[in-house]
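Bear in mind that the values in this text are calculations on the coordinates, not laboratory data. Everything quoted here is computed from the prediction, not taken from an experiment. Counting neighbours? That spans all protein chains shown, and the Cβs are built from the backbone with ideal geometry, glycine included.
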Amino acid sequence: MAIRLETYEAANQSPPYVGVDLYASDRPLQDAVAANGGGAEAPALSMFGRRWGAAEMLDRGREANENPPKLEIFDAKGFRLDVVEFHPAYHQLMAESIAAGLAASTWRDDATPALAPAQVTRAARFYMAAQVETGHLCPITMTHAAVAVLAAEPALVAKVMPKIMSRHYDPHFRPWSEKGGMTLGMGMTERQGGTDVRTNTTRAAPAGDGYAITGQKWFMSAPMCDAFLVLAQAPGGLSCFLMPRFRPDGSVNGVHFQRLKDKLGNRSNASSEVEFADAFAWRAGEEGRGVRTIIQMVQLTRLDCAIASAGIMRMALAQALHHARHRNVFQKHLADQPMMRAVLADLALEVEGATALVMRLCRAFDLAGGDPHEAARARLLTAAVKYAVCKTTPGFAYEAMECLGGNGYVEESMLPRLYREAPVNAIWEGSGNVMCLDVIRALGHDGEAARAVLGALANEAADLPGARDTARAVETALAAPDAEANARAAVGRLAQLAAAAAVRQSAPPEVAELFARTRLEARHGAMFGTSDVRAEEASRLLERALPPA
Ligand SMILES: Cc1cc2nc3c(=O)[nH]c(=O)nc-3n(C[C@H](O)[C@H](O)[C@H](O)COP(=O)(O)OP(=O)(O)OC[C@H]3O[C@@H](n4cnc5c(N)ncnc54)[C@H](O)[C@@H]3O)c2cc1C
């Protein structure tokens with residue numbers, strides 16, 4: 001007779017959080033998608049949610065991070081290789097995301113924007129994919145966003161768009177003309193400065209049909225992309241270029257990797273230090289207008305940072321709530337202990353706000369082409385939303401981790417990976433202070449349009465506690481002579497106001513009232529679980545967040 005040891009049982013542990021429909025189990029997401037025009041795509045989004053919530057996909061996310069990429073600078077005989085090897089799980093995640101349209105679905109073949117609700121439905125998928133693995137989303141987001149830059153160059157559109165629109169991932173190191181699909185990266189940051197790219201020292205000299213680029217980049221992620229948008233000093237000033245990994249004659253371009261960054265998180269993704277030695281590139285946009293050209297890409301990558309951070313918070317919340325519903329402490333499920341319930345409800349309310357906010361912002365991107373007010377909304381709020389959502393995520397992930405107790409601190413729980421991943425979205429693509437400066441800049445450049453956005457937010461949230469006072473305080477603070485010194489507080493409140501307005505549009509009225517009461521009328525404390533949420537409100541929030549099994 002087989003001996004059955006006590007250690008074979010794992011009493012009072014929660015079952016793995018796998019085999020979940022990441023869409024159908026997420027009421028705030030469904031509501032936000034529907035409120036922003038994407039409701040008709042619910043069945044397809046649910047199919048995506050089931051696929052990405054499957055145990056197999058969660059395993060790929062784990063494997064891709066446990067087996068980080070390796071740089072191969074030389075071969076055995078000393079010939080330069082300059083290639084990075086990734087684990088097969090990374091390639092599988094890339095292939096799935098590209099096939100699902102995460103790099104292409106908001107564009108048409110001619111690089112013009114696809115019709116609404118393309119941004120909203122892509123964002124819903126991006127949000128779900130981010131819950132599973134965010135490292136691979138770096139090249140996905142850069143490929144998607146780079147189209148905004150290339151759109152103004154018909155010759156480049158003709159070369160690049162068929163490969164992006166194919167939704168085919170081909171990881172081979174070959175000229176992209178020989179491949180079924182391609183990915184794009186971006187190189188702006190140099191040793192001496194990432195925020196102040198005007199200090200770029202990389203030089204571009206006209207050469208034949210393009211330019212020869214010589215210099216360095218201190219951070220250039222996803223180095224196995226087929227081409228990169230890079231900034232370099234041309235005779236006419238700082239300019240934007242498209243640099244392929246292979247020259248038009250098929251030879252390997254002068255792109256030499258020095259090393260890969262040893263990063264806190266974001267382990268599945270490679271981030272390189274690189275030198276360009278007479279590397280061939282085509283110009284994108286006019287000479288001297290490099291920042292203005294590449295900023296169109298950066299707006300979209302900033303939007304994705306906020307969506308991905310909201311996705312990270314969603315997964316952390318789901319893991320915490322799932323565990324607390326199964327774990328018994330003092331003869332009661334953790335999720336029924338009043339203080340734990342207060343923590344979980346406050347976390348759930350934060351995700352309600354972040355989800356509604358990013359989806360409403362995507363709606364503004366969807367409508368921007370034909371509606372100047374929506375364009376102004378996207379212009380003013382992208383930086384504010386990136387600032388607020390991305391900077392909330394690390395503290396949020398930590399609190400969710402604590403809900404799982406010691407289990408949360410252990411790698412297999414996934415919470416450590418989410419926690420390590422959380423800060424990067426705030427740091428890259430414009431760090432926190434830089435986002436606040438961008439909001440001030442938007443108010444300075446087109447103050448009338450920006451104030452109209454502020455007025456619209458106040459109206460949309462007019463019946464919510466604290467909305468009017470918040471709008472007035474934000475406007476006053478950002479127009480003051482010392483606006484810069486106080487910008488973090490004001491931009492944070494602007495994002496909260498926009499979130500309240502977005503929740504008002506998509507969630508039941510009592511959720512919007514609660515959000516405004518705890519985040520506009522009363523200011524949210526440094527800790528989650530300190531908001532004034534009543535017991536019946538907590539129940540409602542937690543049922544919306546994840547239906548009880
Ligand atoms: C994992 C990872 C991957 C990356 N991948 C890429 C990539 O693919 N391509 C690329 O080009 N870059 C990449 N970056 C670089 C990233 O975009 C930069 O690190 C970022 O823009 C900040 O630039 P910096 O590091 O030079 O910091 P700095 O510009 O020195 O800024 C340091 C701090 O000062 C603050 N600051 C700056 N100016 C002001 C001001 N006027 N007032 C107040 N505060 C200010 C900033 O907010 C920041 O917190 C990556 C970074 C990381 C961490």
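With contacts taken as Cα pairs under 8 Å and at least 6 residues apart, the stretch 105-176 reaches a relative contact order of 38 percent. Overall, the stretch 298-413 carries a charge dipole of about 160 debye about its Cα centre when +1 sits on the Cβ of Lys and Arg and -1 on the Cβ of Asp and Glu, all other atoms neutral. Hydrodynamic analysis of the stretch 255-300 uses the Kirkwood radius over alpha carbon pairs. Inserted into Stokes-Einstein at 20 °C and 1.002 mPa s, it gives a translational diffusion coefficient of 160 µm²/s. Counting 0.36 nm for each residue step from S539 to Y8 and taking away their Cα separation leaves a gain of 187.7 nm. So how tilted is helix 535-545 from the main axis of the chain? Cα-based, degrees 0 to 90, rounded to 10. The angle comes out at about 40 degrees.
Rounded to the nearest 20, the Cβ-based charge dipole of the chain about its Cα centre (Lys and Arg +1, Asp and Glu -1) stands at 280 debye.
Taking the three principal axes of the alpha carbon atoms in the stretch 438-545, the coordinate ranges are 45, 27, 20 Å, sorted in descending order. Rg over Rh of the stretch 287-391, using C-alpha atoms and the Kirkwood radius, what does it come to? On the Cα set of the stretch 287-391, Rg over Rh gives 1.19.
Summed over all non-identical Cα pairs, the Kirkwood treatment of the stretch 105-208 gives a radius of 15.8 Å.
Under 23 Å Cα to Cα from K163, which lysines show up? Leave out anything in the same chain fewer than 8 places away. Partners found: K179. For the stretch 344-500, what's the relative contact order in percent, using C-alpha pairs closer than 8 Å and at least 6 residues apart? Dividing the mean separation by the residue count of the stretch 344-500 yields 26 percent. Convex hull volume of the C-alpha atoms in the stretch 26-67, normalised per residue: 78 Å³.
Summing +1 for each Lys or Arg and -1 for each Asp or Glu among the other residues whose beta-carbon sits under 14 angstrom from that of N486 gives -1. The peptide list 404-417, 114-127, 524-537, put in order of mean Cβ contacts within 10 Å with the highest first, becomes 114-127, 404-417, 524-537. For the chain, adding -39500 (n - 2.57) for each run of n ≥ 4 DSSP H residues and dividing by the number of residues yields -16500 deg cm²/dmol at 222 nm.
Mind checking which aspartates and glutamates have their C-alpha under 13 Å from K261, skipping anything on the same chain fewer than 8 residues away? The qualifying aspartates and glutamates are E273.
Based on alpha carbons, the Rg and Dmax found for the stretch 1-145 are 19.9, 70 Å.
In plain terms, if you count all Cα to Cα distances in the stretch 202-357 and split them into 10 Å steps from zero, the share in each step is 10, 26, 23, 15, 13, 9, 4, 0 percent.
Please determine, in degrees from 0 to 90 and to the nearest 10, the orientation of helix 290-326 with respect to the longest principal axis defined by the Cα atoms of the chain, where the helix direction is its Cα long axis. It is inclined by approximately 30 degrees.
Considered as an equivalent ellipsoid built on the Cα gyration tensor, the chain has semi-axes of 38, 30, 20 Å, the largest given first.
The stretch 190-242 gives an Rg/Rh value of 0.96, both radii derived from C-alpha positions and Rh following Kirkwood. With 22 Å as the limit, the listed pairs K159/K217; K70/K159; K263/K391 have K159/K217; K70/K159 beyond it between alpha carbons. Hull volume per residue, based on the alpha-carbon atoms of the stretch 9-91 and their convex hull, is 158 Å³. From the phi of every residue in the stretch 105-116, what ³J(HN,Hα) in whole Hz does the Karplus formula 6.51 cos²θ - 1.76 cosθ + 1.60 yield, where θ is phi - 60° and glycine or proline is x? Residue by residue, the stretch 105-116 yields 6, 9, 10, 9, 4, 8, 6, 8, x, 6, 5, 4 Hz. Around the amide H of F280, modelled in the peptide plane, lie the amide H atoms of I213, G254, all under 5 Å away and 5 or more residues distant in sequence or on another chain. Based on Cα contacts under 8 Å between residues 6+ apart, the stretch 38-128 shows a relative contact order of 28 percent. When K261, K163 are sorted by how many other C-beta atoms sit within 10 angstrom of their C-beta, beginning with the fewest, the order is K261, K163.
Annotation: the stretch 247-326 has a Kirkwood hydrodynamic radius of 17.0 angstrom, from the mean reciprocal C-alpha pair distance.
The antiparallel fraction among DSSP beta bridges confined to the stretch 152-265 stands at about 75%. Computed about the Cα centre, the dipole magnitude for the stretch 272-364 is approximately 580 debye when only Lys and Arg (+1) and Asp and Glu (-1) carry charge, each at its Cβ. Considering only P68, Q92, P154, the residue lying farthest towards the positive end of the dipole of the stretch 17-175 is P154, judged by Cα position with unit charges set on Cβ. From least to most packed, judged by other beta carbons within 10 angstrom and beginning with the fewest, L546, L45 follow the order L546, L45. Quick one: pull the percentage of alpha-carbon pairs in the stretch 163-266 with a separation above 17 Å. The calculated P(r) of the stretch 163-266 puts 57 percent of pairs beyond 17 Å. Cβ-to-Cβ counts within 10 Å put S239, S431, S177 in ascending order as S177, S431, S239, the fewest first. For the chain, the longest principal axis of the Cα atoms and the long axis of helix 118-132 meet at an angle of about 70 degrees.
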